[in-house]
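Let me begin by presenting the structure, written as structure tokens, before commenting on it.
The values are calculated or read from the model by the stated rules, or taken from the named source; none is laboratory data. Everything numeric here is computed off the predicted structure, so don't read it as measured data. Positions of Cβ are generated from backbone atoms using ideal geometry, with glycine treated the same way; all protein chains shown enter the neighbour counts. Only protein heavy atoms, including side chains, enter the accessible area calculation; ligands, DNA and RNA are left aside. Shrake-Rupley method; radii C 1.70, N 1.55, O 1.52, S 1.80 Å.
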Amino acid sequence: ACNILVAAGAKVIHTCQAGVPEYETTELGTTDPKYQLWLEQVASVGIQNNRTGIFSAHQMGTCKMGTNEFRGVVKPTGETWEAERLFVCDTSVFPTPSGTNPMVTVAAIAHGISQHVEAMLADAELRSLDAPRMKEDQKISSKL
């Protein structure tokens, strides 16, 4: 991951590891001997209990949206693949954590899913209103 950051042009790289200083990149990029020493330090420190801050302020990607039940927990409509009429419309439908504040994205997703739910409920309501009329029509047609 650090190599990708250097290649992308990062000026400074931080890890969440206690005791590992930030690294300021140079024009040598990943071939800089100082960078190689820094990577060795990162690897040697490793991930230690209570010494490596790993967290997410926004829980995302726990009920991933997918095009089928093998690729995600919910359909593109937000409805779960396994439980009919159970909808999820928060950041848990993201494929992975975004790494940025998800406010606008989650608002758009929630709006889109809620529009689908609203349309589905309106359709169900129309069908339930038509059901008695349809039964009456069936009685009349059977008499003809």
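Between ASN49 and GLU22, the FRET efficiency estimated from the beta carbon spacing at R0 = 22 angstrom works out to 0.45. Overall, the stretch 63-112 carries a charge dipole of about 120 debye about its Cα centre when +1 sits on the Cβ of Lys and Arg and -1 on the Cβ of Asp and Glu, all other atoms neutral. Annotation: for a label point projected 7 angstrom from Cα along Cα→Cβ of ARG127, residues of the stretch 62-84 with backbone N closer than 20 Å are 75-84. Leaving ligands, DNA and RNA out of it, report the carbon-plus-sulfur percent of the accessible area of the chain at a 1.4 Å probe. So the carbon and sulfur contribution to the accessible surface is 58 percent.
Considering only chymotrypsin sites (Phe, Trp or Tyr not before Pro) in DSSP loops that have at most 15 other Cβ atoms within 10 Å, the longest stretch of the chain without any of them is 82-144.
Backbone phi angles across the stretch 58-68, fed through the Karplus curve with coefficients 6.51, -1.76 and 1.60 (θ = phi - 60°), yield HN-Hα couplings of 10, 5, 9, x, 8, 9, 3, 7, x, 7, 8 Hz in residue order; Gly and Pro are listed as x.
The GluC sites (Glu not before Pro) of the stretch 33-90 meeting both criteria, a DSSP state outside H, G, I, E and B (loop) and at most 15 other C-beta atoms within 10 angstrom of the site's C-beta, are GLU69, GLU82, GLU84. Of the trypsin sites (Lys or Arg not before Pro) in the stretch 16-123, the ones in a loop by DSSP (not H, G, I, E or B) with at most 15 other beta carbons within 10 Å are ARG51, ARG71, ARG85. Excluding ligands, DNA and RNA, the accessible surface per residue across the chain is 74 Å² with a 1.4 Å probe. Against the chain, whose longest principal axis is taken from its Cα atoms, helix 103-143 shows a tilt of about 20°. Which entry in (1) 26.6, 94; (2) 14.5, 45; (3) 22.3, 70 is this structure's computed Rg and Dmax of the Cα atoms in Å? Among (1) 26.6, 94; (2) 14.5, 45; (3) 22.3, 70, the one derived from this structure is (1). For the chain, what does the helix formula give at 222 nm: sum of -39500 (n - 2.57) over DSSP H segments with n ≥ 4, over the residue count, nearest 500 deg cm²/dmol? So the calculated ellipticity at 222 nm is -14500 deg cm²/dmol.
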